[in-house]
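First comes the structure, then the notes that go with it.
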Amino acid sequence: MQVPIPHTLGRDEARRRMKANSHQMGDGIPGGASLLETSWPSEDRMNLAVGAMGQHISGHIDIEDNRVVLNIDLPPALGFIEPIIAGAIKQGGQKMLAPPEG
């Protein structure tokens, strides 16, 4: 599953915000995340591993100039809720890219 999230921040600022807010990624997962691990194998790619709803999901986020793109390998058992997951990811991604409140 691929979920693009547009932004107008530029690549550097989008990367900075994703790094600063990556701990919030589990907040938008339906049912909550029991495991969330992230790593940055390159400047513009964040790998992630998520444990949620008894399933393990892996994927990556690519940072681009005008969007971030989440690519995840969704287990067949969760295929029926793909639209719900995509919506939650898009909403959470937009929140992570938003300017800090205050």
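The values are calculated or read from the model by the stated rules, or taken from the named source; none is laboratory data. Computed from a predicted model, the values in this text were never measured in an experiment. Counting neighbours? That spans all protein chains shown, and the Cβs are built from the backbone with ideal geometry, glycine included.
Below is a table of values for the structure above.
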{"item": "Residue that is modelled with the highest pLDDT [pool: residues in the range 27-55 that are within 12 Å of the chain's Cα centre (by Cα) and surrounded by fewer than 17 Cβ atoms within 10 Å (Cβ to Cβ)]", "result": "Arg45"}
{"item": "Every residue from the range 56-90 that is in contact with a helix residue (DSSP H, G or I) (Cβ under 6 Å, 6 or more places away or on another chain) and surrounded by fewer than 14 Cβ atoms within 10 Å (Cβ to Cβ)", "result": "Asp65"}
{"item": "Number of positions in the range 63-102 that are within 19 Å of Gln24 (Cβ to Cβ), of a type outside the set (Gly, Ala, Ser) and without any contact (Cβ under 8 Å) to a residue 24 or more places away in the chain", "result": "3"}
